[in-house]
Amino acid sequence: MKPDATIAIDTPASASHRRPDVSAVISTFNRCESLCRTLDSLLAQEVPDGLDYEIIVVDNNASDLTRSVVERYRALAPTRVRYVFERRQGVSYGRNCGIHASRAPIVAFTDDDIKVGPRWIETIKTALDAHPEAAAVGGKILPEWPSAVRPAWLTRQHWGPLSILDYGDQPFYTSSSDPRCLLTANLAVRREVFDRIGPFSPAFPRCQDHELQIRLWQASERVLYVPDLVVRTHIDDERLTKQYHRDWHARHGRYAALMRLQEIIDSSGKLIAPPDTIIRLYGTPGFVYREFIAEALTWFTTLVRFDRSHPAHRHQLQYLANYIRRAATAEPRSIRQWVTEPSAFVAAHLRRRANAVAMSPRRLMLSVALVFATAFGSLYDLAADREHWPFSPYAMFSYVERQPTLKVLRLFGVTGDASMAEFPLLDGRFIQPFDQCRLATALAGTYYNPARRPLITPMLRDVLERYEQLRRAGLHDGPPLQAVRLYELEWTLDPHAANLSSPDRRHQLAEVQRTEEIARR
Amino acid sequence: MGSRSWLQRLTNYWFEPAAPTNLCASRVLFYSGLLVLYWSEDFRNWGSVSQAFWLPLPAFQALGLRPLSVDSLNVIQVVWRTALALSAIGLFTRVSMIVACVLGFYLLGLPHNFGHVFHFDALLVIAMVTLAFSRAGDAWSVDARRLGRPQPPPSGEYTWPIRLIWLSMAFVFLGAGLSKLRHGGIAWVASPNMAIILTRAAYHVSDADPVTTAGLWIAAHSWLSETLALTALVVELGFVAALFSVRARAVLVPAAACMLVGIRLLMGPTFGGFLIVNVFWVPWDAVLAWVGDRRGWARRNRTDPESPRGLAVSRGSRRASDGAPREYVLNRRRPAS
C-alpha cells in the first residue's frame, strides 16, 4: 500500500524499537472522551513476555481535542502509541491509513467507543497462531447499557444497530457457506490479506467490514469467530431511540444495495455468485420487491395484532425501501427508461415463467387472466350472495325450514268435457319446455311481484296455448283443456306424503279460459 | 415460507408441465358425456315461450341476447351438438370447442331467463369456456392423427385447464356450504330442517320427482336426517381440500358425486352435468398405466404356465387349457396340485 499525500504518520519514539506482533488500529473522529477509555483498556493489556504490540490512533480529521489526548497517551507510552492523521473523512480511509502505518503482521481493529478485554491482544495472537488457515479472527461485542431502563421493544433482534455481536460460545468459521459478519469493533486481520484482497473500500463509509468480509469469503478465505475475544461497547441513550434504529436500517439498506447483498446471499443464507439471469426493475431484482410487499403485510398484521415484534418488521421495511431506492438511483436513467422499464420487467418475468412451464408468454397471460376472472366471478357471487349465472353463491336449500308446512303455486288444467275436472300440470310433457319447478317458481316470482303481476294472465294463456298445441301435435295424451287455473296450495307435511292430493288450503289466484283464438291456434 | 417459494408453489400448482393425456382424455369423455346428456334435450320450444316469462340473466342482458325463433334455435342446437361431437373426437378441435362454448353458453343459459335459475349446468359452461381456451385437442384427437403430430411434450398448457375446472367445482361446493352456514347456521344441521326438506321433495316441488321414497323414511328418523345434513355440509365445506391433497381428492370427489346422486334419488334435482365434470378429477395417465400394466401382466402370464395366478391360457386361444372360457379362468386361482 502506497502512502497518500493526505496522510501524516508519526514514527515511533524509538526507531530502533523492534517490529511489534500486533498493531491495534483505532480510527477516531471527534470522540476524544470515549477514546480515552479505549486507549486505557489497550494500554492495560496483560501480554506475555515476548508479545509486543503497538496502538495506532488515526485522527480522521477531528476538530476536537483528539490530537492532544493522543499526545498525552504518547507521553505515557511513547513506544506503544502512535498518532496518524488522515484528512479524508470516512472510517475506511482511517482504517486504511492505520493499515498503511502498521508494522505488525496482524492488524487488529477496534472502535473509539470500545473497551477491550485485558487479554485482547494475547487472544488475537494466540488464535491466529493456532489457526494459520484463518485470514482473520473476530469475537463478541457485548453491551454496557446506560443506567436508564431499556425500552421494551429493544429485544435481541434489534442488536444490529447497537453494534452488539454474540454468536454464542462455540468457535466457528465464517465463510461463503456461513457468511455471518464479524464487526470491525473486534476484528483482527493478517496484514498480508490486505495485499491479496485490497484494503477497506472507501465507497463504504458504513458496512465496510461486511464488504471486506464478503471479499474475503469470495476469495475462499475463512474468518474465525473466537468466543473468548471479547470487547464491550458503551450504548449511549441516543442509540436506544426508534428513530436511531430506523435511520440505521435505512443507511444499512443503502449500503447493502451497493453490495447487492440481497442477491449474493441466497435464501439458505449462503454466499453465492449472483446469476446473470436476474431480472431487475430499476436495478433491484423482483424478489426484493416481493420481500418488501410480504414484509409490509407482516408489519401491518403485527401492528393490528398489537404484536410487539412490529418494530422489527418496520425496520426491515425501512431497510428494503432504502435498498430499492439506492439501487434505483445507482445508475442514471432517462424519463423514458423510468417509464418503459416496468413493462420490460413484466415481459421478462413472463417470458421466464412461460419458458419454465413450456408455454408461450401470451398463452400464459391468457390462462392466468382466465383463472383470475373465474376465481373473481365465483368469489364475488359468494361474498355478495348474488347470482350472476354461470356464477352463483349456490344458496339452494340453504335456508332453514322450521315449520313442516309447504306453500307453493301450482297450475291446474280444467278439462273441456262436462266434468270440468281439474288436474295439476306437473308432467313435463304438458308444460314443455318448462318443468314443474321452473314453471311454479316463474309464476310465483311474477304473481308476488306487484310490478310484474299483470303479466300473470299472458303467462297462463301461453301455457294453455302450448298445452293445446302439443296435444294437437300428438306430443302428449292429456285431455283437451277449457282453462288453466293458478292456485296457491298449502300443506301440513305428512311423513308419508299421504295428503299430497288434499292440501290444507287451496286458494285460486288466477284463471285463463280457452278462447276461440286459442282453439284455432 | 418466503414469497418466492410461495409464488413458485402457486406456479407449480397451476402450470406444472404435464403430458396431455389427462386433459385430452377428459376432453373426449366430457364432450361425449355432454352429447349424451343433451341429445334428447330440445331447446327449440324456448323460442315459442311468451315474452311475459322473459326475465333475462345479467349476462344475457349485458350481451343483449334474446330468445331466437324456433327454427333458429333448431339450427343452433344442431350446430352445437355437432360441435360437441367434433370436440369429443377431436376434429377441428380448436374451432369446434369454441363453437361448443359459445353456443353452449347461449343454449344452456337460455332456459334460466324465464323466471328461475337452475345451477346444474353452470359448471358445464365454465368447463366449456375453459376448454375453449385450452389445447385439449393436442392429443387423443383426429386432428393429431390427421396432421401426423407427434405426442406433444409436457407443458403447463395441459395442467391449468384441469386445475381451473377443479377450482370452479370447489367454488360450487364451497358456495353451497357457506350459504348454508350464512343463511341457516348450525340449525341447518341440528334441527328438523333436513327432514322437512326431504318430506317436501315428495310434494312435486323440484324439477324432477325423487326416484325413491327413501327420503321419507330418512326424514322419519331425525338422527339419520341430521347425520345426512352434517355429512353434506362437511363434504361441501371440505371439498376445497381436494384441490391440494391427493388423499382428500380420493375421498371427497367420490363423496361429492355420491351426494349428487343421493340428491337425485331422495330429493329430485338432477345434477347430471356435475357428474360429467368429474372426469377431470380422474388421473387418466395413471389409469392407463395401470390398465397397461394389467394387460402386460395378463400377456406375460398367458405365456407363463407356471405363473402363481395359474392363468394358463395359450396365446390366441379363446379357451383355457382346461376348456373353461378364458374370462372364467382369468378370475380363478389355479387349484393346488
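A few points about this structure:
- Failed item in (1) crowded, with 24+ Cβ neighbours inside 10 Å; (2) in a helix (DSSP H, G or I); (3) over 16 Å from the mean Cα position of the chain (by Cα); (4) more than 7 Å from every other protein chain (Cβ to nearest Cβ), with B:MET128 passing the rest: (3)
- Boolean, B:LEU123 is within 13 Å of chain A (Cβ to nearest Cβ), assigned to a helix (DSSP H, G or I), touching a Ser or Thr at 6+ places or on another chain (Cβ under 8 Å) and of a type in the set (A, V, I, L, M): yes
- Among residues of the range A:284-310 that are assigned by TED's automatic domain parsing to the domain that holds A:ARG325, those with a beta-carbon under 8 Å from a residue that is aromatic (Phe, Trp, Tyr) at least six positions away or on a different chain give the pairs A:THR284/A:TYR323; A:GLY286/A:PHE345; A:VAL288/A:TYR323; A:ARG308/A:TRP153; A:HIS310/A:TRP299.
- Residue count, the range A:94-113 (criterion: surrounded by 23 or more Cβ atoms within 10 Å (Cβ to Cβ) and either not hydroxyl-bearing (Ser, Thr, Tyr) or not assigned by TED's automatic domain parsing to the domain that holds A:ALA24 (or both)): 11
- Residue within the range B:222-232 that is in contact with a Phe, Trp or Tyr (Cβ under 7 Å, 6 or more places away or on another chain) and in contact (Cβ under 8 Å) with a residue 40 or more places away in the chain present: yes
- Scanning the range B:4-21 for residues that are surrounded by 14 or more Cβ atoms within 10 Å (Cβ to Cβ), of a type outside the set (Val, Ile, Thr) and facing another protein chain (nearest Cβ under 9 Å) yields a total of 7.
- B:ALA83 vs. criteria crowded, with 16+ Cβ neighbours inside 10 Å and closer than 30 Å to B:TRP140 by Cα: yes
- Within the range B:59-86, tally of residues that are free of Cβ contacts under 8 Å to residues at least 24 places away in the same chain, away from every other protein chain (no Cβ under 14 Å), among the aliphatic types (A, V, I, L, M) and farther than 11 Å from B:LEU103 by Cβ: 1
- Residue ID - surrounded by the most Cβ atoms within 10 Å (Cβ to Cβ), chosen from residues in the range B:132-176 that are at the interface with another protein chain (Cβ under 7 Å from one of its Cβ atoms) and among the aromatic types (Phe, Trp, Tyr): B:TRP160
- Test: residue in the range B:67-76 that is aliphatic (A, V, I, L, M), surrounded by 13 or more Cβ atoms within 10 Å (Cβ to Cβ) and touching a Ser or Thr at 6+ places or on another chain (Cβ under 7 Å): yes
- All helices (runs of 4 or more DSSP H) inside the range B:1-105 with 1 or more residues being of a type in the set (D, E, K, R) and assigned by TED's automatic domain parsing to the domain that holds B:HIS116: B:21-37, B:70-89
- Test: residue in the range A:76-88 that is part of a loop (DSSP other than H, G, I, E, B), at positive phi, under 47 Å from the mean Cα position of the chain (by Cα) and in contact (Cβ under 8 Å) with a residue 24 or more places away in the chain: no
- Residue selection: B:PRO56 satisfies the criterion of being surrounded by fewer than 23 Cβ atoms within 10 Å (Cβ to Cβ) and within 14 Å of chain A (Cβ to nearest Cβ).
- Filtered residues of the range A:60-75 (kept if part of a helix (DSSP H, G or I) and under 10 Å from A:LEU35 (Cβ atoms)): A:THR66, A:VAL69, A:VAL70, A:TYR73
- All conditions in (1) crowded, with 17+ Cβ neighbours inside 10 Å; (2) more than 60 Å from the chain's Cα centre (by Cα); (3) within 7 Å of chain B (Cβ to nearest Cβ) hold for A:TYR487, with the sole exception of (3).
- Checked against (1) touching a residue at least 60 places away in the same chain (Cβ under 8 Å); (2) farther than 30 Å from B:SER50 by Cβ, B:PHE114 passes all but condition (2).
- A:PHE300 at pLDDT 90 or above, out of contact with any helix residue (DSSP H, G or I) (no Cβ under 6 Å at 6 or more places or on another chain), surrounded by fewer than 17 Cβ atoms within 10 Å (Cβ to Cβ) and among the aromatic types (Phe, Trp, Tyr): yes
- Residues of the range A:173-217 that are of a type in the set (A, V, I, L, M, F, W, C) and out of contact with any strand residue (DSSP E or B) (no Cβ under 6 Å at 6 or more places or on another chain): A:CYS181, A:PHE194, A:ILE197, A:PHE200, A:ALA203, A:PHE204, A:CYS207, A:LEU212, A:ILE214.
- Residues of the range A:385-405 classified as of a type outside the set (Ser, Thr, Tyr), more than 30 Å from B:LEU73 (Cα to Cα) and crowded, with 19+ Cβ neighbours inside 10 Å, total: 4
- Residue list for the range A:410-446, filter: in a strand (DSSP E or B), surrounded by 19 or more Cβ atoms within 10 Å (Cβ to Cβ) and away from chain B (no Cβ under 11 Å): A:LEU411, A:PHE412, A:GLY413, A:VAL414
- Residue match in the range A:446-453 (condition: touching a residue at least 24 places away in the same chain (Cβ under 8 Å) and in the same structural domain as A:SER502 (by TED's automatic domain parsing)): yes
- When the range B:48-98 is filtered for residues that are among the basic types (Lys, Arg), over 20 Å from the mean Cα position of the chain (by Cα) and within 24 Å of A:PRO433 (Cα to Cα), only B:ARG66 remains.
- Qualifying residue in the range A:351-359 (condition: within 12 Å of chain B (Cβ to nearest Cβ), touching a residue at least 12 places away in the same chain (Cβ under 8 Å), farther than 30 Å from B:THR199 by Cβ and charged (D, E, K, R)): yes
- The residue that is nearest to the chain's Cα centre (by Cα), counting only those in the range B:177-199 that are at the interface with another protein chain (Cβ under 7 Å from one of its Cβ atoms), surrounded by 23 or more Cβ atoms within 10 Å (Cβ to Cβ) and not polar (S, T, N, Q), is B:LYS180.
The values are calculated or read from the model by the stated rules, or taken from the named source; none is laboratory data. This is a predicted model, so every value here is computed, not measured. All Cβ positions, even for glycine, are placed from backbone atoms using ideal geometry, and neighbour counts span all protein chains on display.
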